[in-house]
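Asker: Have a look at the structure that comes next, please.
The values are calculated or read from the model by the stated rules, or taken from the named source; none is laboratory data. Here the structure is a predicted model, which is why all the values come from computation and not from measurement. Please note: Cβ atoms are built from the backbone with ideal geometry, for glycine as well, and neighbour counts cover all protein chains shown. We work out accessible area using only protein heavy atoms, side chains counted, and drop any ligands, DNA or RNA first. Shrake-Rupley method; radii C 1.70, N 1.55, O 1.52, S 1.80 Å.
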Amino acid sequence: MKRTRVTIKDIAKELNVSASTVSRALQDHPALKQQTKDAVRELAEKLNYRPNTMALNFLKQTSTTIAIIVPDITGYFFSAAVTGIQDILVSSGYNIMICISNESYEEESRIVEKLSKVQIAGILVAPSSTTFNFDHIKKIQRNNIPLVVFDRDCEGVDAHKVLVDDYSGAFEAVEYLIKTGCKKIAHITGASDLSTNNHRLQGYLDALKKNNLPILDKYIIYAQGFTHEHGIKPTESLLKSNNVPDAIFAVNDRLAVSAMRTAKKLNFRIPEDISIIGFDDEPHSTYFTPALSTVWQPVYSMGMLSARILLGDIKRKEDENLQLRYEVFKTELVIRGTSKKL
């Protein structure tokens, strides 16, 4: 059985009044009699009438919908960020539309193109790992849509940005490994187009330089993605080589967990034979044996602040100058069982 949405016209027909009368009654217009208002509201409740928010926004040339563009929603990181965003926006009377790019530049561009054709209050975006051109992001700005970039930077785009100090987090992790006696530290990273990867790689390199350790290309492995399966081959290539590293710093926890499992299968003891540190501090990291050492970042808070900045931009008056916000959260090294103690 086909379900049809009850409209203002249905209520008007039932009460033998005009659609405009019903509309004004639902908005509590002072010119209408209270008896008419009560009759309209009673029937609307009986018929389970719900206003078409998007249509109303179109007529008013306003919107209460905010789009969030993220590469993925199945893992902890972006789901936690979106939760932080949602907790701020929903309590402020806004609806959210979650758009997933699946780490695809092409899909991200298509999403932005679709959003540019509908009434939208603002956009929060974490670019995909394959996004190397930001023309589509700049298009959002040309359409005067409030924008906040979070987690992953869009270099060259002047916008509000809420990021994490990936460089310092990586530097601290690698220097800790060095202080525990590790001298052959490998790094499993990801796509070089991604700002977070580049900053963590630079932190790794600078920590080695500061401590006068050699930088070897064979110890820097580029994974094809960020899931557990993407960490298997890079770890195998490191642990089956002629010069096996004594530590691995992974660009995220999923790759680090994959490195742990692969190392165990190859009969390496953790951390006696090899230390491993990840990045993200996903909740499941504590449930492995040994528990994963990692770099914690305030994902939920990053989502909340991104939403607050966007709301401020949306509510900004047209005659006010736009002051761009550039916020960077600090990380914290969390030492557990996969790395040696000082």
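Asker: Would you tally the residues in region 108-128 being assigned to a loop (DSSP other than H, G, I, E, B), open to solvent by less than 10 Å² (accessible area, probe 1.4 Å) and not aliphatic (A, V, I, L, M)?
Answerer: Here the count works out to 2.
Asker: In region 152-199, which residues are closer than 19 Å to residue 312 by Cβ and either touching a Pro at 6+ places or on another chain (Cβ under 6 Å) or of a type outside the set (Val, Ile, Thr) (or both)?
Answerer: Across region 152-199, the qualifying residues are 158, 159, 160, 161, 163.
Asker: State the number of residues belonging to region 314-335 that are surrounded by fewer than 21 Cβ atoms within 10 Å (Cβ to Cβ) and either among the small types (Gly, Ala, Ser) or not in a strand (DSSP E or B) (or both). Spell out the reasoning first.
Answerer: The initial filter retains those residues of region 314-335 that are surrounded by fewer than 21 Cβ atoms within 10 Å (Cβ to Cβ), namely 314-330, 332-335.
Subsequent filtering for residues that are either among the small types (Gly, Ala, Ser) or not in a strand (DSSP E or B) (or both) retains 314-325, 330, 335.
Adding up the residues that qualify gives 14.
Asker: On the given criteria, is residue 201 within 30 Å of residue 154 (Cβ to Cβ) and modelled with pLDDT of 95 or more?
Answerer: Numbers: within 30 Å of residue 154 (Cβ to Cβ): yes; modelled with pLDDT of 95 or more: yes.
So residue 201 fits the description; yes.
Asker: So is residue 171 at pLDDT below 95 and not β-branched (Val, Ile, Thr) or not? Working first, answer last.
Answerer: Numbers: at pLDDT below 95: no; not β-branched (Val, Ile, Thr): yes.
So residue 171 fails the test.
Asker: I'd like to check something: does region 203-226 contain any residue that is in contact with a Leu (Cβ under 8 Å, 6 or more places away or on another chain), open to solvent by 40 Å² or more (accessible area, probe 1.4 Å) and farther than 25 Å from residue 131 by Cα?
Answerer: yes
Asker: Consider residue 234 carefully, then state whether it is touching a strand residue (DSSP E or B) at 6+ places or on another chain (Cβ under 9 Å), in a helix (DSSP H, G or I), touching a residue at least 24 places away in the same chain (Cβ under 8 Å) and of a type outside the set (S, T, N, Q). Spell out the reasoning first.
Answerer: Working: touching a strand residue (DSSP E or B) at 6+ places or on another chain (Cβ under 9 Å): yes; in a helix (DSSP H, G or I): yes; touching a residue at least 24 places away in the same chain (Cβ under 8 Å): yes; of a type outside the set (S, T, N, Q): yes.
When the stated conditions are applied, residue 234 passes them.
Asker: Can you report the number of residues in region 283-304 which are modelled with pLDDT under 95 and open to solvent by less than 10 Å² (accessible area, probe 1.4 Å)?
Answerer: Looking only at region 283-304, we keep the residues that are modelled with pLDDT under 95, and these are 283-289.
So of that shortlist, the ones also open to solvent by less than 10 Å² (accessible area, probe 1.4 Å) come out as 285.
Summing the residues that are modelled with pLDDT under 95 and open to solvent by less than 10 Å² (accessible area, probe 1.4 Å) in region 283-304 gives 1.
Asker: Let me ask something else about it. If we scan region 134-143, do we find a residue that is surrounded by fewer than 17 Cβ atoms within 10 Å (Cβ to Cβ), touching a helix residue (DSSP H, G or I) at 6+ places or on another chain (Cβ under 7 Å), more than 30 Å from residue 277 (Cα to Cα) and at pLDDT below 95?
Answerer: yes
Asker: For region 64-93, which residues satisfy the criterion of being in a loop (DSSP other than H, G, I, E, B) and surrounded by 20 or more Cβ atoms within 10 Å (Cβ to Cβ)?
Answerer: 71
Asker: Of the residues that make up region 105-123, is at least one in contact with an Asp or Glu (Cβ under 8 Å, 6 or more places away or on another chain) and free of Cβ contacts under 8 Å to residues at least 40 places away in the same chain? Outline the logic, then answer.
Answerer: Within region 105-123, the subset in contact with an Asp or Glu (Cβ under 8 Å, 6 or more places away or on another chain) is 122.
Those left that are additionally free of Cβ contacts under 8 Å to residues at least 40 places away in the same chain: none.
No, because not a single residue in region 105-123 is in contact with an Asp or Glu (Cβ under 8 Å, 6 or more places away or on another chain) and free of Cβ contacts under 8 Å to residues at least 40 places away in the same chain.
Asker: So which of 338, 286 is over 20 Å from the mean Cα position of the chain (by Cα) and assigned to a helix (DSSP H, G or I)? Show your work before the answer.
Answerer: Working: 338 fails: assigned to a helix (DSSP H, G or I).
So the residue among 338, 286 that is over 20 Å from the mean Cα position of the chain (by Cα) and assigned to a helix (DSSP H, G or I) is 286.
Asker: Now for a different question. Could you please find all residues in region 238-269 being crowded, with 22+ Cβ neighbours inside 10 Å, out of contact with any Phe, Trp or Tyr (no Cβ under 8 Å at 6 or more places or on another chain) and either assigned to a loop (DSSP other than H, G, I, E, B) or of a type in the set (Lys, Arg) (or both)?
Answerer: Of everything in region 238-269, nothing turns out to be crowded, with 22+ Cβ neighbours inside 10 Å, out of contact with any Phe, Trp or Tyr (no Cβ under 8 Å at 6 or more places or on another chain) and either assigned to a loop (DSSP other than H, G, I, E, B) or of a type in the set (Lys, Arg) (or both).
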